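Working notes, structure below.
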Amino acid sequence: MYVRIEEQVGFRIRGFRTNVVTQASIMELRKKLNQALKIQHRVPRVTYGVFFPEEHEELSVAAYYAGIVGASTIPLENAEDVVISSGRYVIATSTNEKYDAFAFFHRIRQADYFRFRKAPILEQYAYNKETGEESVELWVPII
């Protein structure tokens, strides 16, 4: 796992939502997104996952979205928009085979040198068309 800190500009993600947040439900939602894109013969370079934490719990998740940049020209039927806030993020990078969002998140949260802020946690899945490989970044909001 490689970690860096970056300042990000806010943006919108258009996607599908689940309120049952397990590894299996996340995989199903990502599958739904990929099927919707495949029907349109579209393979975006980047897709996203967004974890919305519970109101008073830092490590519990209330909802998850799988989507693409909201300003994309790819229409998604029955999709919702979510806003990713501007600000600083600690970003952990991995290959898709070694990625476990919950394990990464808990490892980052255990570090005592970050001050975390209440905001959605973001996954960025980047697809390399030339190699067919996918890398994943987990963006955790910090102050």
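Just so you know, all these numbers are worked out from the coordinates, no wet-lab data involved. Worth saying up front: this structure is predicted, and the values here are computed from it rather than measured. Neighbour counts run over all protein chains shown; Cβ positions are idealised from the backbone, glycine included.
General observations
- Helix 101-110 axis versus longest C-alpha principal axis of the chain: approximately 20°, rounded to the nearest ten.
- Candidates per trypsin sites (Lys or Arg not before Pro) in region 65-143, loop by DSSP, up to 16 other Cβ within 10 Å: Arg115, Arg117, Lys118, Lys129
- The tail of the calculated P(r) for region 1-54, taken as Cα-Cα distances beyond 14 Å, holds 65 percent of the pairs.
- Using C-alpha pairs below 8 Å separated by at least 6 residues, the relative contact order for the chain is 33 percent.
- Each part gets one Cα centre, and for region 75-106 versus region 1-31 those centres are 3 Å apart.
- The chain, helix-only ellipticity at 222 nm - DSSP H runs n ≥ 4, -39,500 (n - 2.57), divided by all residues, nearest 500: -6000 deg cm²/dmol
- The dipole here belongs to the chain: it is taken about the Cα centre, uses +1 on the Cβ of Lys and Arg and -1 on the Cβ of Asp and Glu, and is about 260 debye.
- Computed across region 79-143, the Kirkwood hydrodynamic radius from all distinct Cα-Cα pairs reaches 13.0 Å.
- Mean shadow area of region 2-109 over all directions, Cα convex hull, nm²: 7.3 nm²
- Look at the dipole of the chain built from charges on Cβ: of Ala71, Ile142, Tyr99, the Cα furthest out on the positive end belongs to Ala71.
- GluC sites (Glu not before Pro), loop per DSSP, at most 16 other Cβ atoms within 10 Å - longest free stretch of the chain: 1-53
- Loop sites in region 1-77: chymotrypsin sites (Phe, Trp or Tyr not before Pro), DSSP, at most 14 other Cβ within 10 Å: none
- To the nearest ten degrees, helix 23-39 and the longest principal axis of the Cα atoms of the chain are 30 degrees apart.
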